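This report refers to the structure that appears directly beneath it.
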Amino acid sequence: MKLLLGNDLKTGAVVWWTGRDWSLHVEDAMDVGEHGETIARAEEAACRVAGAAVIDAEPGEAGPRPAHIKDRIRALGPTVRPDLTLKPADPSVGSWVI
Amino acid sequence: MYRYDQYDQAIVDARVEEFRDQTARRIAGELTEDQFKPLRLKNGLYLQLHAYMLRVAIPYGTLDSRQMRMLAEIARKYDRGYGHFTTRQNIQYNWIKLEQAPDILADLATVEMHAIQTSGESVRNISADQYAGATADEIADPRPWAELLRQVTTFMPEFSYLPRKFKFAITAADSDRAAIRWHDCGLRLVRNEAGEDGFEVYAGGGMGRTPMIAPLIRSFLPADQLFGYVQAILRVWNRHARRDNIHKQRMKILVHELGAEEFTRQVEEEFAGFEARDVDPPRAEYDRIAAYFAPPPFETGLPDEIDRSDPDFALWLDRQVAPHKAPGYAIANISLKPVGGIPGDISAEQMEVVADLAERYSFDELRATHAQNLVLPHVRKADLYAVWQALDAAGLADVNLDLVSDIIACPGLDYCSLANARSIPLAQKISTRFADIDRQRDLGELKIKISGCINACGHHHAGHIGILGVDRKGTENYQLLLGGSGAEDVSAAKITGPGFDEDGVVDAIEKTLDAYVRLRDPGERFLDTYRRIGVEPFKEAIYG
Ligand code: SF4
């Protein structure tokens, strides 16, 4: 599956396209199929995100898992500061990233 | 320390307002990202994996307590309570919001700081010996020259759109603590037999994809001709650089392709024109700047003896404290490399502790080092115990300067959008594996340097042991390099062989060091043994 991610223009936070809007959580991301680039250009033009990009991912029970480690780190936060990630209390996130 | 005059302040303040306007126009949609990106980069603002990242310049690594407190305040108010000292003696914040970036720059301007030219195709922050003005092994404080260079290369139109970035490093000491030959232009202040000051000029060094050690192109440049000569270097590069090929734009490629001799000939030819036009600032301007760097009022008659009865303090003393030029004083190194910690990271609270110590015990001066540590440059020996106690209470009293756990590591894939692999977890694993301080001391001077990609911000080419992160079909892989140095015995490290996964490279380092312990002659550092016996015994130990 294909996901669309970007950085929120004002805050820089990593955000995922949900089909209607942007979410901080990759679990909310939807498969953009062939439409990722079109949505990306439109959302960038509307100044909601910067650096929008289409990435590969695998569907999973808990939601999509980006195929590349870089995108998994973007989804979660720095692996070396679990306290600053989106799931600071979840001990299993490390294995999700790696 | 240099203090802004009204012109410096006006320039920086105007720049803040300019960026405030640019940011507002970006948020309002009047500028596209393509239009805005070069503008934000000129103000040190990157877009990284998780957020915007702001890189703040610390010219020649020198700052005072007021500035350090502001860095702490920014960490707390606009970021997540910490900062990261870099290999260019700068500090980076990882969680910046675009809408707040102009306010941060405005706050920085109140303490004579900025983020100008910490990115983009410009002359970057000029780095220097962190012991400048304090060490006994220099002929003079090189920082007035660094400040002069900073002023003439900031916003100079000819240098505003360079082919690529350009990095200066400067020292006046025999020991090279600034890795000058790994820079586009490395300068060593020397004194000739007539007692005149001048520079050894090295040009065309750099790391990245193509590591090059800068050759000497001038053995004595009269100091007051520095700007003319530097301008000639930049102009020759600017004229011939391969702007068509991103991998060939750095000056090291031009120096390599022309050859040092021909490059030097062209620089000298260009310089003759500058010399004739007398472009260098008048001596009075140098004197004005140099007055800010006058030595602090050191007390005389201070004792040199130190009470070593506390064994932990004695350990710290032996490792972290360096000789000072003034009797009764010492240079205190502060490790930002706790075992299992993140190299170069420091919390806002720790910054404030260090600022307090600088104010109370070091004539209000601090230094950031290219090895991602801090320095209190002028501490009375009698005050070292109090300094150590305060550092210890703040978790800043690690005893590992230049040892195996004093690792340089770039942010890598945990933060950096260009990364192939993570650097920090590797540094954490290595420092944990070798945590035992007796083992560290037995292994002696050892410089491990880790980069998360070929850009080499972690200086892996200059590591006694270097590690380069690569992406092998979507998984992190690490190449091991041996034999580099950024010091006066400069050399480029060589790749040992096939790469490793994260645990594999830690094992490989252990095998390398076990081999070193077996094979070393008395008194030899790892680098000495490597140079004496070559890479083969180490390859055998690692891969055999
Ligand atoms: S070496 Fe590469 S990964 Fe590390 S900070 Fe530099 S660009 Fe980023």
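Find the cysteines in chain B that fail to meet the 4.7 Å Cβ criterion with every other cysteine, and list them.
B:C185, B:C416, B:C453
Among B:C185, B:C410, B:C416, which comes first, then next, by fewest other beta-carbon atoms within 10 Å?
Ascending number of Cβ neighbours within 10 Å: B:C416, B:C185, B:C410.
Suppose we keep just the DSSP beta bridges with both residues in segment B:142-291; what percent of those would be antiparallel, to 5?
Working: 12 of 16 bridges.
The answer is about 75 percent antiparallel.
For segment B:160-201, which chymotrypsin sites (Phe, Trp or Tyr not before Pro) pass both filters: DSSP loop (anything but H, G, I, E, B) and at most 14 other C-beta atoms within 10 Å?
Answer by residue number: B:Y161.
Give the average over all directions of the projected area of the C-alpha convex hull of the protein assembly as shown, one decimal, in nm².
29.5
Output ³J(HN,Hα) for segment B:186-195: one whole-Hz value per residue in order, computed from phi by the Karplus curve 6.51 cos²θ - 1.76 cosθ + 1.60 with θ = phi - 60°, and x for Gly and Pro.
x, 10, 10, 6, 10, 10, 8, 5, 7, x
So what is the relative contact order for segment A:2-79, in percent, with contacts set as C-alpha pairs under 8 Å and at least six apart?
Relative contact order here is 31 percent.
Distance cut-off 32 Å, Cα to Cα: go down the list A:K87/B:K511; B:K248/B:K337; B:K37/B:K494; B:K165/B:K325; A:K70/B:K42 and report the pairs above it.
A:K87/B:K511; B:K248/B:K337; B:K37/B:K494; B:K165/B:K325
When Lys and Arg each count +1 and Asp and Glu each count -1, what net charge do the other residues less than 15 Å away from B:S491, Cβ to Cβ, add up to? Don't skip to the answer; put the middle values down first.
Numbers: positive: B:R181, B:K447, B:K449, B:K494, B:R525, B:R531, B:R532; negative: B:D176, B:E445, B:E488, B:D489, B:D528.
My count for the surroundings of B:S491 gives +2.
Alpha carbon centre of segment B:179-240 versus segment A:16-87: separation in Å?
47
Taking Rh as the Kirkwood radius, which is the inverse of the mean 1/r over Cα pairs, what is the Rg/Rh value for chain B?
0.95
If you take the beta carbon distance between B:V535 and B:F220 as r and set R0 to 41 Å, what does 1/(1 + (r/R0)^6) give as a FRET efficiency, to the nearest 0.05?
Working: r = 37 Å, r/R0 = 0.89.
According to the calculation, E is roughly 0.65.
Within a 10 angstrom radius of the beta carbon, how do B:K494, B:K252 rank from fewest other beta carbons to most?
Sorted ascending by nearby Cβ count, the order is B:K494, B:K252.
Just need the relative contact order of segment B:372-457 here, percent rounded to a whole number, with Cα pairs under 8 Å and 6+ apart.
On the way: 98 pairs, mean separation 28.6, N = 86.
This gives 33 percent for segment B:372-457.
Longest segment of chain B with no GluC sites (Glu not before Pro) in a DSSP loop having at most 10 other Cβ atoms within 10 Å?
Longest run free of exposed loop sites: B:306-544.
Counting pairs of Cα atoms in segment B:311-393, how many percent are more than 19 Å apart?
Cα-Cα pairs of segment B:311-393 separated by over 19 Å account for 32 percent.
Considering only B:Q6, B:Q92, B:L31, whose Cα is most displaced toward the positive end of the charge dipole of segment B:6-109, charges sitting on Cβ of Lys, Arg (+1) and Asp, Glu (-1)?
Going by the Cα projections, it comes out as B:Q92.
Out of all DSSP beta bridges with both ends in segment B:385-544, state the antiparallel percent to the nearest 5.
That works out to approximately 65 percent antiparallel.
Enter the mean projected area of the convex hull around the alpha-carbon atoms of segment B:143-241, in nm², rounded to one decimal.
The number I arrive at for segment B:143-241 is 6.5 nm².
Over segment B:65-146, what is the relative contact order in percent, taking alpha-carbon pairs closer than 8 angstrom and at least six residues apart? Mind showing how you got there, number by number?
Working: 62 pairs, mean separation 17.4, N = 82.
Value for segment B:65-146: 21 percent.
Rg(Cα) of segment B:148-198 divided by 2.2 N^0.38 Å?
1.38
Please express the Cα-Cα pair-distance distribution P(r) of segment B:408-543 as a list of whole percents, one per 10 Å bin, running from 0 to the bin with the greatest distance.
All Cα pairs considered, the percentages come to 13, 46, 34, 7, 0.
Taking the Cα of B:H247, stepping 7 Å toward and past its beta carbon, and measuring to each backbone N in segment B:197-233: which are under 11 Å?
It comes to B:209-210, nothing else.
Taking each pair of different alpha-carbon atoms in chain A once, compute 1/r for the pair, average those values, and report the inverse of that mean as the Kirkwood hydrodynamic radius in Å to one decimal.
Result for chain A, one decimal place: 13.5 Å.
Can you work out the FRET efficiency for the pair B:D312 and B:A136, with r the C-beta to C-beta distance and R0 = 22 Å, to the nearest 0.05?
0.25
Please list, in order along segment B:436-452, the HN-Hα scalar couplings obtained from phi with the Karplus expression 6.51 cos²θ - 1.76 cosθ + 1.60 (θ = phi - 60°), rounded to whole Hz, x for Gly and Pro.
4, 5, 5, 5, 4, 5, 5, 6, x, 4, 8, 10, 9, 9, 10, 10, x
Enter the Cα centre distance for the pair segment B:297-321 and segment B:55-89, rounded to the nearest angstrom.
Computed from Cα coordinates, the inter-centre distance equals 28 Å.
Counting DSSP beta bridges with both partners in the protein assembly as shown, what percentage is antiparallel, nearest 5? Provide the component values of the computation, followed by the final result.
Working: 62 of 75 bridges.
Antiparallel bridges make up about 85 percent of those DSSP assigns within the protein assembly as shown.
Values quoted throughout were computed directly from the atomic coordinates according to the rules given, and no laboratory measurement underlies them. Owing to the predicted nature of the structure, the values given are computational and were not obtained by experimental measurement. Cβ coordinates were reconstructed from backbone atoms using ideal geometry, including for glycine residues, and neighbour counts include every protein chain displayed.
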